[in-house]
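Take a look at the structure below.
The values are calculated or read from the model by the stated rules, or taken from the named source; none is laboratory data. On a predicted model such as this, the values are computed, not experimentally measured, just so you know. As a convention, Cβ positions derive from the backbone with ideal geometry for all residues, glycine included, and neighbour counts pool all protein chains shown.
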Amino acid sequence: MLKQVMLTTLAGAISVMSTAVIAHPGHDHNAESANLLHLLWVMPIVLAGVIVTKLLTDNLRRKKLERRQANEANSACNQYKSQ
């Protein structure tokens, strides 16, 4: 799931940053500053994607650790009861 989200985000970022995008008249993609302006426009979106991905990854890792600790505690409790 996370891999699919990352690939979708990357594909979206690449399509937005592409200089081959058809633009309205008067919007020159061949200007010297065009790539810099597009980068400055897209960076907040990319940064938000990175932050959301990191938060989701950390949250999933924390939940997995909590489940593992709960399973170990239950296992230890069951061993104690069987003695």
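General observations
- Failed criterion for Asn59 (all others in (1) at pLDDT below 80; (2) out of contact with any helix residue (DSSP H, G or I) (no Cβ under 6 Å at 6 or more places or on another chain) hold): (1)
- Of Ser82, Ser75, all but one fail to be at pLDDT 75 or above and among the polar types (S, T, N, Q); the exception is Ser75.
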